[in-house]
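Have a look at the structure below before the remarks.
The values are calculated or read from the model by the stated rules, or taken from the named source; none is laboratory data. Only a predicted model underlies this, so the values are computations on that prediction, with no experimental measurement involved. Ideal geometry is used to build each Cβ from the backbone, glycine not excepted, and the neighbour counts take in all protein chains shown. Only protein heavy atoms, including side chains, enter the accessible area calculation; ligands, DNA and RNA are left aside. Shrake-Rupley method; radii C 1.70, N 1.55, O 1.52, S 1.80 Å.
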Number of protein chains: 4
Amino acid sequence: MAFRAPIKVCFSDIDNAGIVYYPRFIHYFHLAMEEFFSSVMGIDYSAVLHERNLACPTVRVECDFKRRMKYGDRIDMEVRIINIGRTSITWGYCGRLHGNEDVIVVEGSNVTVCTSVDTFEKMDVPLWLREGLTRYMNSF
Amino acid sequence: MAFRAPIKVCFSDIDNAGIVYYPRFIHYFHLAMEEFFSSVMGIDYSAVLHERNLACPTVRVECDFKRRMKYGDRIDMEVRIINIGRTSITWGYCGRLHGNEDVIVVEGSNVTVCTSVDTFEKMDVPLWLREGLTRYMNSF
Amino acid sequence: MAFRAPIKVCFSDIDNAGIVYYPRFIHYFHLAMEEFFSSVMGIDYSAVLHERNLACPTVRVECDFKRRMKYGDRIDMEVRIINIGRTSITWGYCGRLHGNEDVIVVEGSNVTVCTSVDTFEKMDVPLWLREGLTRYMNSF
Amino acid sequence: MAFRAPIKVCFSDIDNAGIVYYPRFIHYFHLAMEEFFSSVMGIDYSAVLHERNLACPTVRVECDFKRRMKYGDRIDMEVRIINIGRTSITWGYCGRLHGNEDVIVVEGSNVTVCTSVDTFEKMDVPLWLREGLTRYMNSF
């Protein structure tokens, strides 16, 4: 089964239409990616940045919003690895309503490019990350 | 010329990699849409919500991030209308580096669906909005 | 022992000085209050708002920031009830470094006023809330 | 007259009670301080950070919220210098309702400490800043 990060819609995520402000879902994608590093890769994203000198800035995102979400709702955000290129990783996200997993709330993907934290220069996906992600892709 | 909303990258938009947190660009799209209503449609989006009872939640977004942005950078965010459907509007955004308009920073689009603020039910694009957007589409 | 809400400093909480953007600590206070309702009062703050028609807007906050926090740090945010007035509640917060509880990261308080969600009019602290908070105050 | 930064309450500043999320007012204080540097000190806060290697993290804030604010409201945020110590600066903020300046929306202050961006060590308020702030204090 894909990794799922639990997300709680908090009071301040709500906009003046009474539902989750849509850019917050993209923030949820990032939170889920951070959790993915900690839980699946066994390294906090903060350590990826500051110890391994690797950042994963996003160069493309797309997202379908399928259900309006209210304060107090909970999302289980699935994270998948769609593709590993030479320097880029394509991540897939599928947010399911907590407690009713057939209800898909949000679905999307983003492409990140491996870059040096210091120079911002593009670099190849490091071996430790490629191996970890590949193992994860093959595990379900 | 397309409408352009001036956006300033502020201190808190920056993430721990030292550049704009990528979901903030989607927030910038929303800020630009809000400015578009005030400047081009002649009605604040707050009045659209609370006086005309119309909300425009997003059902899809896609975005390419073409240049990392730092604190203090400024973006001129172009807003275009790509399509007006029966109930939906497709908006296009092109963020240009302020002072160097050939440099495209971010480019994307979203689809909003007209809904009632009270019931969240889908409704046809109201005539006043359709006419205003059409006039704008034909003006350049 | 006072209730403690676990808070994780996330990637986007960091500002361009490389530390937690200070208004985010006030957001952490709110997150901790939300958790307090769920865990201690036995009711989600979303239900307080939407079922009991009660909001607790803040009329005053004060806060001392005692330690800069970085991405990946964790805070255990203690919540205390300092005072229950006729219409107001004074909340105390003490953020301790997770794993090293003698290190106080942030300390502050805010005053909330009970108001009707519909009319925004001030109301007396409802009995269920007064009793729950009093029980909590006497429990340690 | 004190410097005033214009602030627009935007769609996403609103919380699930339909008013400005109270930590956002503290963010408004920061935005006003950023504008103060650009407009009054003649240097962007980004240049203060990255060219002069000076950061002004906050060690204390206090704030009274006097009026609930809704989407579309505008605030003129006055910035005053209350005190200049050896290493610290005390800033005062008074948010007035745009178009009705006698209505005070929010009032507060924070204390910032001059620190090196690189080492995070405390430093004396640099002369250029002390002189600029003093000139400003004496100008009205």
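Okay, residues lined up against (1) open to solvent by less than 20 Å² (accessible area, probe 1.4 Å); (2) over 17 Å from the mean Cα position of the chain (by Cα); (3) closer than 30 Å to D:Met69 by Cα:
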residue: D:Asn83; (1), (2), (3): no, no, yes
residue: D:Leu97; (1), (2), (3): no, no, yes
residue: D:Val103; (1), (2), (3): no, yes, yes
residue: D:Thr115; (1), (2), (3): yes, yes, no
Does D:Asp124 fit the bill of being in contact with a His (Cβ under 6 Å, 6 or more places away or on another chain) and charged (D, E, K, R)? no
For the stretch B:70-81, how many residues are touching a Phe, Trp or Tyr at 6+ places or on another chain (Cβ under 8 Å) and open to solvent by 50 Å² or more (accessible area, probe 1.4 Å)? 1
Scan the stretch C:92-119 for residues that are in contact (Cβ under 8 Å) with a residue 24 or more places away in the chain and either of a type in the set (Asp, Glu) or not in a strand (DSSP E or B) (or both) and report the count. 7
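Can you tell which of A:Val48, A:Val20 is among the aliphatic types (A, V, I, L, M), in contact with an Asp or Glu (Cβ under 6 Å, 6 or more places away or on another chain) and over 18 Å from A:Met137 (Cβ atoms)?
Values: A:Val48 fails: in contact with an Asp or Glu (Cβ under 6 Å, 6 or more places away or on another chain).
Going through A:Val48, A:Val20 in turn, the sole match is A:Val20.
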Report yes if some residue within the stretch B:78-91 is outside any helix (DSSP H, G or I), at pLDDT below 95 and more than 19 Å from A:Tyr22 (Cβ to Cβ); otherwise report no. no
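Does B:Arg67 satisfy the criteria of being open to solvent by 20 Å² or more (accessible area, probe 1.4 Å) and assigned to a loop (DSSP other than H, G, I, E, B)?
Numbers: open to solvent by 20 Å² or more (accessible area, probe 1.4 Å): yes; assigned to a loop (DSSP other than H, G, I, E, B): yes.
In short, yes.
Every residue in the stretch B:3-28 that is facing another protein chain (nearest Cβ under 8 Å) and assigned to a helix (DSSP H, G or I), please.
Taking the stretch B:3-28 first, the residues facing another protein chain (nearest Cβ under 8 Å) are B:10-12, B:14-19, B:21-24, B:26-27.
Passing the criteria: B:Phe11, B:Ser12, B:Tyr22, B:Pro23, B:Arg24, B:Ile26, B:His27.
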Are any residues in the stretch D:51-90 acidic (Asp, Glu) and either away from chain B (no Cβ under 14 Å) or more than 26 Å from D:Val103 (Cβ to Cβ) (or both), and if so, which ones? D:Glu51, D:Glu62, D:Asp64, D:Asp76, D:Glu78
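Do we find that A:Glu34 is among the acidic types (Asp, Glu) and under 12 Å from the mean Cα position of the chain (by Cα) in this structure? Can you show your working first?
On the way: among the acidic types (Asp, Glu): yes; under 12 Å from the mean Cα position of the chain (by Cα): yes.
Taking the combined requirement at face value, the residue satisfies it.
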Of D:Val59, D:Val106, D:Val111, the only residue that is touching a strand residue (DSSP E or B) at 6+ places or on another chain (Cβ under 6 Å) and under 27 Å from B:Glu34 (Cα atoms) is D:Val106
In the stretch C:120-140, the residues that are assigned to a loop (DSSP other than H, G, I, E, B) and more than 18 Å from C:Arg60 (Cβ to Cβ): C:Glu121, C:Met123, C:Asp124, C:Pro126, C:Ser139, C:Phe140
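Kindly indicate whether C:Ile84 is farther than 27 Å from C:Ser12 by Cβ and in contact with a helix residue (DSSP H, G or I) (Cβ under 7 Å, 6 or more places away or on another chain).
Numbers: farther than 27 Å from C:Ser12 by Cβ: yes; in contact with a helix residue (DSSP H, G or I) (Cβ under 7 Å, 6 or more places away or on another chain): yes.
The answer is yes for C:Ile84.
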If you check C:Val40 against the conditions, is it at pLDDT 95 or above and under 30 Å from D:Leu49 (Cα atoms)? no
As an exercise: evaluate D:Val113 against (1) modelled with pLDDT under 95; (2) on the phi < 0 side of the Ramachandran plot and give the number of the one condition it does not meet. (1)
The stretch C:63-91, residues that are touching a strand residue (DSSP E or B) at 6+ places or on another chain (Cβ under 7 Å) and without any contact (Cβ under 8 Å) to a residue 40 or more places away in the chain: C:Arg67, C:Ile82, C:Asn83, C:Thr87, C:Ser88, C:Thr90
Among the candidates D:Ala5, D:Ala17, single out the residue that is buried (at least 17 other Cβ atoms within 10 Å of the Cβ) and within 30 Å of C:Asp44 (Cα to Cα). D:Ala17
Scanning the stretch D:33-50 for residues that are touching a strand residue (DSSP E or B) at 6+ places or on another chain (Cβ under 7 Å), within 12 Å of chain B (Cβ to nearest Cβ) and more than 23 Å from C:Gly108 (Cα to Cα) gives D:Glu35, D:Val48, D:Leu49
Let me spell it out: the conditions are (1) touching a residue at least 12 places away in the same chain (Cβ under 8 Å); (2) open to solvent by less than 20 Å² (accessible area, probe 1.4 Å); (3) in a helix (DSSP H, G or I); (4) among the small types (Gly, Ala, Ser), and D:Ala47 meets all of them except one. Which number is the exception? (1)
